[in-house]
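Report on one structure; see the data block that follows.
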Amino acid sequence: MRTLSFHFIVATAFALSLISGSLQAFERCVTDDSRRQVCVQSKAPSIISLAPGSTELLFAAGAGKQVIATDQYSDYPPEVDSLPKVGGYPSINLEAIISYQPELVIIWTDGNSQQLVRHLEKLGINTFHINAQNFEGIDRVIRKLGRIAGTETAGNKAANEFTERLAALKNKYQQQSELSVFFEIWREPLMSVGGSQIITNAIEVCGGRSLYADIAQPTVKVGMEQLITDNPDVILSSDPRGHTPETQKEMLNYWQKWGSISAVKQKQLYTIPSDYIARLTPRLLEGTEIICKQLQAVRSSSDYSDSMLTTATTSR
């Protein structure tokens, strides 16, 4: 009996060591957007997201079930409302992150502080850096998150759908007659988007031209005299409510004092839902499509057609 027990124990221990060895042998490595090779030893690592954009991208990549906590500003998709929160910029709660023992923390390099990153890495917490800055970056990050999270098939599918939908918008709108667009991001002082802003890219997809696309910075301070001289065809802004009769009225009330601007004269002022253009995630295509449809409505308007005819006649 003792011999059988001894052999059984040895065999069991050997089997467990094989299982343990096979588990420890698993490793998946992906190069993040800071060009660091990041490795995980779990096929479905537990993840904490520290920015709303990275949370959306994780869910888009099929890794939503592995997200165990987020920052306090993550609010989409609706499933994140029930997840624990670990604070928000600039007050991320390190103790809370440690208590959840994540296998991976997603860092948005332009949104999370380097000091926070250093603290996490000093504590031995595995971080994965992402930094989508344009449409191509959204595609890239979805694929990388899918690979590191172990949801590569879902991630690639989502990225392919995103890129195909973007291509469809370009094919439909990008070669339409060009409209000059002023995108208002702040009023006092008056500010717009520069060439390195994703909204500028979205306007270009729709066949528009952002007034200050040649200025290589995210935001541009604009004097009213300069804007009157630049004379945009369309003025766009963002609002959590989107484009409603109320937001249209508010825009007209503000801009009517500068009635010499073509967009004001023709009442071509529109608002985009803020959530659709504030984050570099697949929802950006929702905002882009709204911009495209609004610009197309301007092209189809009789006032715009008359102004184009007048311009063409004058130039002869």
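The values are calculated or read from the model by the stated rules, or taken from the named source; none is laboratory data. Note that this is a predicted model, so its numbers are computed, not measured. Note that each Cβ is placed from the backbone with ideal geometry, even for glycine, and that neighbours are counted across all protein chains shown.
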(request) Looking only at segment 57-72, count how many residues are more than 23 Å from residue 136 (Cβ to Cβ) and either small (Gly, Ala, Ser) or surrounded by fewer than 22 Cβ atoms within 10 Å (Cβ to Cβ) (or both). (result) 6
(message) Here is a check on your reading of the model: is residue 54 more than 19 Å from residue 147 (Cα to Cα), surrounded by 20 or more Cβ atoms within 10 Å (Cβ to Cβ) and either modelled with pLDDT under 95 or among the hydroxyl-bearing types (Ser, Thr, Tyr) (or both)?
(response) no
(message) Pairs needed: first member in segment 23-36, assigned to a strand (DSSP E or B) and at pLDDT 95 or above; second member anywhere, surrounded by 14 or more Cβ atoms within 10 Å (Cβ to Cβ) and basic (Lys, Arg); C-beta distance under 7 Å; at least 6 residues apart or different chains.
(response) 30/144; 30/147
(message) Suppose we filter 181, 220 for residues that are surrounded by 15 or more Cβ atoms within 10 Å (Cβ to Cβ), of a type in the set (A, V, I, L, M, F, W, C) and without any contact (Cβ under 8 Å) to a residue 60 or more places away in the chain; which single one remains?
(response) 220
(request) Would you mind telling me which numbered condition in (1) surrounded by fewer than 19 Cβ atoms within 10 Å (Cβ to Cβ); (2) modelled with pLDDT of 90 or more; (3) closer than 16 Å to residue 185 by Cα residue 235 fails? (result) (1)
(request) Being touching a strand residue (DSSP E or B) at 6+ places or on another chain (Cβ under 8 Å) and hydroxyl-bearing (Ser, Thr, Tyr) is the filter; apply it to segment 167-196 and report the residue that is farthest from residue 207 (Cα to Cα). (result) 192
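Here is a yes/no grid of residues against (1) in contact (Cβ under 8 Å) with a residue 24 or more places away in the chain; (2) in a loop (DSSP other than H, G, I, E, B):
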| position | (1), (2) |
| --- | --- |
| 43 | yes, yes |
| 53 | yes, no |
| 68 | yes, no |
| 75 | no, yes |
| 79 | no, no |
